[in-house]
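K.L.:
Before anything else, here's the structure in question.
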Amino acid sequence: MNTKQKKGLLLVISGPSGTGKGSMCQKLLQDDSVKYSISATTRSPRGQEQNGREYFFLTKEEFEQRIKNNGFLEWAQVYDRYYGTPRDFVEETLESGCDCILEIDVQGALKVKEAMPEAVLIFILPPSLKELHRRIKERATESEEQIQMRMSWVLGEIDQIAKYDYAVINDCLDEAVEEVRRIRHSEKCRVSRLGDLTKIYHDEDERGF
Ligand code: ADP
Ligand code: 5GP
């Protein structure tokens, strides 16, 4: 009996900068049946980041051309740069039956939900604003000015949480990752994702059992 869903699940991991989305995704990707969508951005690489690994680093002109060519599933201006999800990779991954993870900001997540209502939006919350600030500072990848800009966006982002399907507080990293795994597995059992289950049993009944 083939009750397996054909298309993969689109999981959107989203929330303010520094909540631990990237750390969580690294662990979620240890599971072979899930693929990570590498975003495009116009910001400069930081630290050890490599083109095509963390991001596709594009110029503003290249990014705008790709918007015109409908090359993004979603894109947004986050802080003072462009970020976008390449459309083809996501569509091909889902069609192949593999699950796909997007790690994107709140504006982008809401655009994905509009375009693909079957996407599962998970908001990653910090235990507190103080801890969030501590984590961004400790990561030491942004200037003080950048940190202030990112912190000034946080409440506006959290105010959008009602539009999400799930919220997970990233206090203990391993527990938060486990919660996302449980959400993923529960979502795969949703009746609406399983196709026409009744037909399978009716067909079997007609054939005789
Ligand atoms: P984001 O991708 O949401 O911007 P990161 O994954 O880069 O966030 O995490 C920001 C910083 O917080 C990193 O230095 C990371 O190691 C740290 N971090 C992530 N999750 C936790 C956690 N549960 N407890 C403590 N520190 C964490
Ligand atoms: P960073 O500069 O720290 O890598 O990312 C800044 C913010 O942009 C993070 O909240 C991150 O999740 C978000 N982001 C990364 N890729 C995308 C994307 O493709 N689309 C959108 N909308 N946001 C993204």
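K.L.:
Kindly list, by first and then second residue, each pair from a residue in region 120-141 that is in contact (Cβ under 8 Å) with a residue 24 or more places away in the chain and more than 15 Å from ligand 2 (Cβ to nearest atom) to a residue that is β-branched (Val, Ile, Thr) and open to solvent by less than 60 Å² (accessible area, probe 1.4 Å), limited to pairs with Cβ atoms under 9 Å and residues at least 6 apart or on different chains.
P.N.:
From residues that are in contact (Cβ under 8 Å) with a residue 24 or more places away in the chain and more than 15 Å from ligand 2 (Cβ to nearest atom), the pairs are VAL120/VAL12; VAL120/ILE183; LEU129/VAL154.
K.L.:
To continue, here is another question. In region 112-129, what residues are crowded, with 17+ Cβ neighbours inside 10 Å and more than 13 Å from ligand 1 (Cβ to nearest atom)?
P.N.:
Scanning region 112-129 gives VAL112, LYS113, ALA119, VAL120, LEU121.
K.L.:
Applying the selection to region 27-49, what residues are in contact with a Phe, Trp or Tyr (Cβ under 9 Å, 6 or more places away or on another chain) and not β-branched (Val, Ile, Thr)?
P.N.:
Those that are in contact with a Phe, Trp or Tyr (Cβ under 9 Å, 6 or more places away or on another chain) and not β-branched (Val, Ile, Thr): LEU28, LEU29, LYS35, SER37, SER39, ALA40, ARG43, SER44, PRO45, GLU49.
K.L.:
Of all residues in region 40-87, count the ones that are of a type in the set (Gly, Ala, Ser) and over 20 Å from MET149 (Cβ atoms).
P.N.:
Summing the residues that are of a type in the set (Gly, Ala, Ser) and over 20 Å from MET149 (Cβ atoms) in region 40-87 gives 3.
K.L.:
I've got another one for you. Pick out the one residue from VAL180, VAL154, VAL120 that is under 19 Å from the mean Cα position of the chain (by Cα) and either among the acidic types (Asp, Glu) or over 24 Å from SER33 (Cα atoms) (or both).
P.N.:
VAL154
K.L.:
When you go through LEU155, LEU132, LEU102, LEU94 one by one, which is the residue that is open to solvent by less than 40 Å² (accessible area, probe 1.4 Å), out of contact with any Lys or Arg (no Cβ under 6 Å at 6 or more places or on another chain) and in a helix (DSSP H, G or I)?
P.N.:
Exactly one residue qualifies, and that residue is LEU132.
K.L.:
Within region 28-37, can one find any residue that is within 10 Å of ligand 2 (Cβ to nearest atom) and under 21 Å from ILE101 (Cα atoms)?
P.N.:
yes
K.L.:
Within the set of pairs 6+ apart or on separate chains, which have a first residue in region 186-209 that is under 15 Å from LYS7 (Cα atoms), a second that is of a type in the set (S, T, N, Q) and open to solvent by less than 100 Å² (accessible area, probe 1.4 Å), and C-beta atoms under 8 Å apart?
P.N.:
Here the result reads LYS188/GLN5; ARG193/GLN5; LEU194/THR3; LEU194/GLN5; GLY195/THR3; GLY195/GLN5, each pair linking region 186-209 to a residue that is of a type in the set (S, T, N, Q) and open to solvent by less than 100 Å² (accessible area, probe 1.4 Å).
K.L.:
From the list TYR79, TYR83, pick out the single residue that is closer than 22 Å to LEU125 by Cβ, within 16 Å of ligand 1 (Cβ to nearest atom), modelled with pLDDT of 95 or more and touching a helix residue (DSSP H, G or I) at 6+ places or on another chain (Cβ under 8 Å).
P.N.:
When all the criteria are applied, what remains is TYR83.
The values are calculated or read from the model by the stated rules, or taken from the named source; none is laboratory data. This one's a predicted model, so the numbers in the text were calculated from it and none came from an experiment. Cβ atoms come from the backbone with ideal geometry, glycine included; neighbour counts cover every protein chain shown. Quick note on the areas: whole protein, heavy atoms, side chains included, nothing else; ligands and nucleic acids left out. Shrake-Rupley method; radii C 1.70, N 1.55, O 1.52, S 1.80 Å.
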